[in-house]
1. Is at least one residue of the stretch 131-149 closer than 26 Å to L189 by Cβ, in a helix (DSSP H, G or I) and modelled with pLDDT under 95?
2. Quick check: is even one residue across the stretch 150-164 outside the structural domain of K227 (by TED's automatic domain parsing), among the polar types (S, T, N, Q), closer than 30 Å to K227 by Cα and not in a helix (DSSP H, G or I)?
3. When you scan the stretch 81-107, how many residues do you find that are under 24 Å from the mean Cα position of the chain (by Cα) and crowded, with 17+ Cβ neighbours inside 10 Å?
4. Helices (runs of 4 or more DSSP H) wholly in the stretch 1-118 with at least 1 residues that are over 18 Å from L185 (Cβ atoms) - which ones?
5. Say we look at the stretch 220-257 and pick out the residues that are exposed (fewer than 13 other Cβ atoms within 10 Å of the Cβ) and in a helix (DSSP H, G or I); which of these is nearest to the chain's Cα centre (by Cα)?
6. T266 fails exactly one of the following numbered conditions: (1) in a helix (DSSP H, G or I); (2) without any contact (Cβ under 8 Å) to a residue 24 or more places away in the chain. What is the number of that condition?
7. Is it the case, given these coordinates, that A270 is small (G, A, S), surrounded by 18 or more Cβ atoms within 10 Å (Cβ to Cβ) and not assigned by TED's automatic domain parsing to the domain that holds P146?
8. Considering only the stretch 276-293, state which residues are part of a helix (DSSP H, G or I) and touching a residue at least 60 places away in the same chain (Cβ under 8 Å).
Amino acid sequence: MAAAFALLGPTASGKSRFALDLARRYPLEIVSMDSAQVYRGMDIGTAKPSPAERAEVPHHLIDLVDPDEPYSAGRWRADCLQVVEAISSRKKIPLIVGGTMLYYRSLVAGLDDLPAAHPGIRARLDAQAARSGWPALHAELAKIDPASAGRIAPNDAQRIQRALEVFQLTGRPLSSLQRGSRNDLPFALQAFSVVPEKSVLHRNIEGRFDAMLAAGLVGEVESLRRKFSLNEKMPSMRAVGYRQVWDFLEGRTDERRMREAAIAATRQLAKRQLTWLRGFAGLRGAERLESALQQGS
């Protein structure tokens, strides 16, 4: 059976840099596990590998769709299985790298049989949110499904709506429906995680967002708005950093508050990613990845 490795970690934890360093010393190809890097043109705000890095080390599952197109965990899983098989056929080692924990969960546990969207329920939830705000609906979700609420930001309208919708349709918390048994993979998978000290992670998050601003993140979002038919509810524009810049371009905030909001939102994202990591069985520390590669290569 073919073998693959996964390197997980919160945003700004240094996992991509570590993966690139390993790929310079081992016959690796990197498989992105990032729900924002799938979008073309979203380069700066997703910390996408540079053209030089991609020329040096093959990267996969990047630039798959335009920002106004849909993409799902199910599609990523199917794409990932196909890519891992192709890399293995070339006698190279697949290294899956990223922080989209829902993607990782879909890979190792399979996909859940959840009810389809219900337009009527969604319309009622939208109206309720318009009256009282999404944080109030998040508080409601925390009462019926604390596990899901712990992984969802108080302003993440799409995921709050979906969790409440599933509960209203099934009478069961979304988290209980997501506890499927492990799906058999067509390859052996060993998974590792990068978990920096909190102070280091927060410093990295702040420094990286400032670097994104200096590199032209605001201009990137302006260009995307001109090129594609986007709105702020689309998953691409609700990615951390992009939605704060969107608010800035709409005149809802100034640059200082936009920066502060983006850094705070990124810290909250990292906190949720760490919560996911604690729930995954079998993860080992990233310092053990190189010895595993030595044994497997």
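The values are calculated or read from the model by the stated rules, or taken from the named source; none is laboratory data. Only a predicted model underlies this, so the values are computations on that prediction, with no experimental measurement involved. Please note: Cβ atoms are built from the backbone with ideal geometry, for glycine as well, and neighbour counts cover all protein chains shown.
1. yes
2. Yes, the stretch 150-164 contains a residue that is outside the structural domain of K227 (by TED's automatic domain parsing), among the polar types (S, T, N, Q), closer than 30 Å to K227 by Cα and not in a helix (DSSP H, G or I).
3. 17
4. 15-23, 51-56
5. S223
6. (2)
7. Spelling it out, A270 is indeed small (G, A, S), surrounded by 18 or more Cβ atoms within 10 Å (Cβ to Cβ) and not assigned by TED's automatic domain parsing to the domain that holds P146.
8. W276, L277, A286, R288, L289, E290, A292, L293
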